[in-house]
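Data first, discussion second: the structure below is written as structure tokens.
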Amino acid sequence: MRIVLEDGLEARWAKHKLNQHALIAGVEALGLKLLVENPKDRLVTVTAVMIPSGVTMQNSATSFWTNSTSKSPAALAPSRTKSGASA
């Protein structure tokens, strides 16, 4: 909270948006798809990437934890379809 107060809320939000756009550009450059296709429907602080068919969750998780600075276990949670089934 101290950092937010020091930087100002608008500056922190702008930094989140900048990081979001950079992440999306990288994901798309890799040929991957985002779960939320419409940019107007995306959250600035959450970006869900679809795992291509043929890639296992175990391989994705191993690569993610080896190469990522994110420490959120939720980052690897399987998505659910609108019906509630695993995607």
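Since every read-out is calculated from the coordinates, none of them should be taken as a lab result. Remember, predicted model here, so these are calculated numbers, not experimental data. Cβ atoms come from the backbone with ideal geometry, glycine included; neighbour counts cover every protein chain shown.
Determine the relative contact order of region 1-50: mean sequence separation of Cα pairs under 8 Å and six or more apart, normalised by residue count, in whole percent. Mind dumping the intermediate values first?
Working: 26 pairs, mean separation 17.4, N = 50.
Worked out over region 1-50, it gives 35 percent.
What distance in nm lies between label points placed 7 Å from Cα along the C-beta direction at MET57 and LEU18?
3.6
Taking H as built 1.01 Å from N, whose amide H comes closer than 5 Å to the amide H of LEU34, not counting residues under 5 places away?
Counting only residues 5 or more places away or on other chains, the set is MET50.
Ordered by residue, what ³J(HN,Hα) values in Hz, to whole numbers, does region 9-15 give under the Karplus form 6.51 cos²θ - 1.76 cosθ + 1.60, where θ = phi - 60° and Gly and Pro are x?
4, 4, 5, 5, 5, 4, 5
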